[in-house]
1. Is it fair to say L60 is aliphatic (A, V, I, L, M), over 60 Å from the mean Cα position of the chain (by Cα), modelled with pLDDT under 95 and surrounded by 10 or more Cβ atoms within 10 Å (Cβ to Cβ)?
2. Which of the residues belonging to the stretch 86-140 are of a type in the set (A, V, I, L, M, F, W, C) and either over 28 Å from D179 (Cα atoms) or within 33 Å of the chain's Cα centre (by Cα) (or both)?
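The values are calculated or read from the model by the stated rules, or taken from the named source; none is laboratory data. Being a predicted model, the structure only gives us computed values, none of them experimental. As a convention, Cβ positions derive from the backbone with ideal geometry for all residues, glycine included, and neighbour counts pool all protein chains shown.
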Amino acid sequence: MKKEFSTSLFGYKKPEVDLYLKNMVKDYEEELRKKKDRIFELAEEVRKLKQQNQDLKERLDKFSDQEKYISRALIAAEQRAQAIVEEGKRKTQEEYENLETEKEKWRNKFRAVRQELLEFEKILVSLIEKFRDDINYYAAKEISETILAGDSPSREVTQNQTDEEAECAPIKDMLKKEDKKKKVIA
C-alpha cells in the first residue's frame, strides 16, 4: 500500500501524515482485534476438539472393555456348550449301554421261555403219544373183549372208564403243573 503525501515547506504535511498514521493504527488495531478474536475462536475450537477427543477415547476404552467382557462371555458360553455336548454324549453312551444290557436280558429271557416251550412241547408230544398208545390199547382191548366176550360191552365200558380215569390222574397232574408254569412265565 503505497501512499503519497503532499509536501509543504519543511517536508510532508504533518496533518496528512498524522491522519494516515492514525488510520494505519486503527486498521492495525482492527486487524489485531480480528486476529485475537480468531485466535480465541480457534482456541475454543481446539478446546472443544480436545474434549471431544477425550470423550471419544473414553468411549473407545469403554467399548474395549465391553469387547473384552463379550469375548470372555463368548468363550465361557462356548465352553459351557462344549460341556453340555460332552455331557449329552456321555448320557447317550450310558443309555445305549443300558439298552444293550436290557436287550441282552430280554434275549436271555426269550431263550429261557423258548427252552421251556420246547420242554413243554416234548412233554406234550409224549403225552399225546401216551394217549394214542392208551387209546390204541383200550380200543384193541375193547375190540378183543367184544370179539371174545360177545355181548356185554356196556358193563365193560363203565369198568374201562374208571380204569382210564385212574390212569389219566398223573397226566392231569402234569397238565396242572404246566399250567402253573405258564402262569408264572406270563
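1. no
2. Those that are of a type in the set (A, V, I, L, M, F, W, C) and either over 28 Å from D179 (Cα atoms) or within 33 Å of the chain's Cα centre (by Cα) (or both): L99, W106, A139, A140.
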